[in-house]
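**Q** Sharing a structure, written as structure tokens. Questions coming.
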């Protein structure tokens, strides 16, 4: 059988996750953890080779399909874009986690689950069947439950894991009910066949609503977001970066794929997405303003950024024109990089100021006072990340927000204009909690906590520097990412029309 | 015959969904929460089978149902494992007493 190259991008991480786990048992204690980390890192580096080849193939031919019996995988621009973010952030998180987890039990499980989750998420982007979509989604969820509850001796971490599990499992039940409706209506689950066969009816609307709610739990649509701040703040920092940077976006990708199969009443979906987008931006900002724990603040700001993506994609579906969706997907990439960097940088400070000293308390904003004197690189990258998230030029976050806003104004619809103004105001509002972070880091006298802090390991600084450079480069030359965003935007729109 | 069997199935699905959601919303015991989730999934399994029966796709939905059982068992196992850990570390299975994360 002829296996297309993109299948290896999915297969290598999933297969090697077992190897990662076994390799961890070669050495006892901390040495085992380092071996697992090494195998995981090499496996992800190898995965880049088929990824680059597959991306090139998709660029030339538009899409690739793999059919095995009744199961098929379909790789288009959107799959490639999502795979790029997942693989990029995943590789850096594996590199970063070494010192962070040193001394913890069960590191081989952590790396095995992380690598498996990366493979499964890339697979999720390529699903071409509603039920396959559910399977990938559930597999990703299972990996992430275990990773969120990684500190199994801490009650708060267990509570966060359980909350996440119950809410997410309820969401996936709703998706299954929707799949049941689809089977009873059309007898097929293949996305392309469904697009051709399904007729607009009341049932289709119910199915769409169930998809939005079911996948929306994972995407953290307000009011289904209550698991998110707990899970993001209690997970190990590398996992917080993955959760916020790619896992919630995986929910968004799954939702869009599922809705695209029911493309018929396209207008109603777009209005739903726009409404949730507006709600997410507002609630995310208001909740983030009240936080004094850094990781919870960043977690709430993820809600806001999902809102921007929904607005971009929603506008595109509303007017049937691709540039806003490209902006939304561009924001997906940028948010992955910026929020990933913010969580990793906050994680470094959590590590040096608390974990190294055997203190498992949260990192609060006052702890950061004067951190720039002692940790210049970490402070600079953290500031770049949060300013980028706040949308200051010339950083990446500004470019994608700008693209969404420009595309929105070009629609010449009053409703969309109002929404864009609302989004811009929210972007300004978000600076009200990002700017104090930068202020505390740079302009305060070093706190006692900072003075007692330990050194920063080099393997934790490398991912920070790489991500910070990426944010600046994308901000200055936004067109470096258009090879990912424009095929993805047109693939998304083609699926819906 | 076919019509009546799907009606019976539909009543079963709604009943199970009702019981599952009621349990999920009212109980405070972690083990019971996991059981309520299981009841919900059983409702959807029945739903898949009834849906396949009405659209003559029984082979398709049976394979889906078996896969759902597998995936769902893993979720239940993780849920129970978390409950066991919580009982060990916190000494209670009551979610109200467990709840510390707010805001």
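The values are calculated or read from the model by the stated rules, or taken from the named source; none is laboratory data. As the structure is a computational prediction, the values presented were derived from the model and not from experiment. Note: ideal-geometry Cβ built from the backbone for every residue, glycine included; neighbour counts use all protein chains shown.
**Q** Let me confirm something: among A:168, A:157, A:186, which residue is buried (at least 19 other Cβ atoms within 10 Å of the Cβ), modelled with pLDDT under 90, at the interface with another protein chain (Cβ under 10 Å from one of its Cβ atoms) and in contact with a helix residue (DSSP H, G or I) (Cβ under 6 Å, 6 or more places away or on another chain)?
**A** Among A:168, A:157, A:186, only A:186 is buried (at least 19 other Cβ atoms within 10 Å of the Cβ), modelled with pLDDT under 90, at the interface with another protein chain (Cβ under 10 Å from one of its Cβ atoms) and in contact with a helix residue (DSSP H, G or I) (Cβ under 6 Å, 6 or more places away or on another chain).
**Q** Out of B:93, B:46, B:30, which single residue is facing chain A (nearest Cβ under 10 Å) and in contact (Cβ under 8 Å) with a residue 60 or more places away in the chain?
**A** B:30
**Q** Output the number of residues of region A:189-210 satisfying the condition of being under 23 Å from residue B:43 (Cα atoms) and surrounded by 20 or more Cβ atoms within 10 Å (Cβ to Cβ).
**A** Going through region A:189-210 one residue at a time, the tally reaches 5.
**Q** Quick check on residue A:351: is it modelled with pLDDT under 95 and over 23 Å from residue A:96 (Cα atoms)? Don't jump to the end; show me each part of the working.
**A** Working: modelled with pLDDT under 95: yes; over 23 Å from residue A:96 (Cα atoms): no.
Here the answer is no, as residue A:351 does not meet what is asked.
**Q** Also, I was wondering about something else. Are any of the residues in region B:3-26 more than 7 Å from chain A (Cβ to nearest Cβ) and not in a helix (DSSP H, G or I)?
**A** Among the residues of region B:3-26, not one is more than 7 Å from chain A (Cβ to nearest Cβ) and not in a helix (DSSP H, G or I), which makes the answer no.
**Q** Got a sec? Which of B:68, B:77 is assigned to a helix (DSSP H, G or I) and surrounded by 14 or more Cβ atoms within 10 Å (Cβ to Cβ)?
**A** Just one listed residue meets the conditions, B:68.
**Q** Which ones in region A:421-458 are crowded, with 20+ Cβ neighbours inside 10 Å and within 23 Å of the chain's Cα centre (by Cα)?
**A** Within region A:421-458, A:423, A:426, A:427, A:430, A:433, A:434, A:437 qualify.
**Q** Sticking with this one: Kindly provide the set of residues from region A:406-420 that are over 29 Å from the mean Cα position of the chain (by Cα) and at negative phi, ordered by number.
**A** Hits for region A:406-420 are A:413, A:414.
**Q** Sticking with this one: So which residues in region A:117-148 are facing chain B (nearest Cβ under 8 Å) and without any contact (Cβ under 8 Å) to a residue 40 or more places away in the chain, if there are any at all?
**A** A:135, A:138, A:139, A:142, A:145, A:146
**Q** Where in region A:130-237 are there helices (runs of 4 or more DSSP H), lying fully within it, with 3 or more residues that are more than 16 Å from the chain's Cα centre (by Cα) and farther than 16 Å from residue A:251 by Cα? Explain how you work it out, then say what you get.
**A** Numbers: elements: A:130-148, A:155-186, A:191-197, A:202-219, A:227-234.
Per the criteria, A:155-186, A:191-197, A:202-219.
**Q** Exactly one condition in (1) in contact with a strand residue (DSSP E or B) (Cβ under 9 Å, 6 or more places away or on another chain); (2) outside any helix (DSSP H, G or I); (3) within 25 Å of residue A:483 (Cα to Cα) is not met by residue A:254; state its number.
**A** Evaluating residue A:254 over (1) in contact with a strand residue (DSSP E or B) (Cβ under 9 Å, 6 or more places away or on another chain); (2) outside any helix (DSSP H, G or I); (3) within 25 Å of residue A:483 (Cα to Cα) leaves (2) as the failure.
**Q** Quick one: which helices (runs of 4 or more DSSP H) lie wholly within region A:281-374 and hold at least 2 residues that are buried (at least 24 other Cβ atoms within 10 Å of the Cβ)?
**A** Working: elements: A:294-319, A:323-353, A:371-374.
It comes to A:294-319, A:323-353.
**Q** Please verify whether region B:74-86 includes one or more residues that are farther than 14 Å from residue A:172 by Cβ and under 13 Å from the mean Cα position of the chain (by Cα).
**A** The answer is yes, given that some residue of region B:74-86 is farther than 14 Å from residue A:172 by Cβ and under 13 Å from the mean Cα position of the chain (by Cα).
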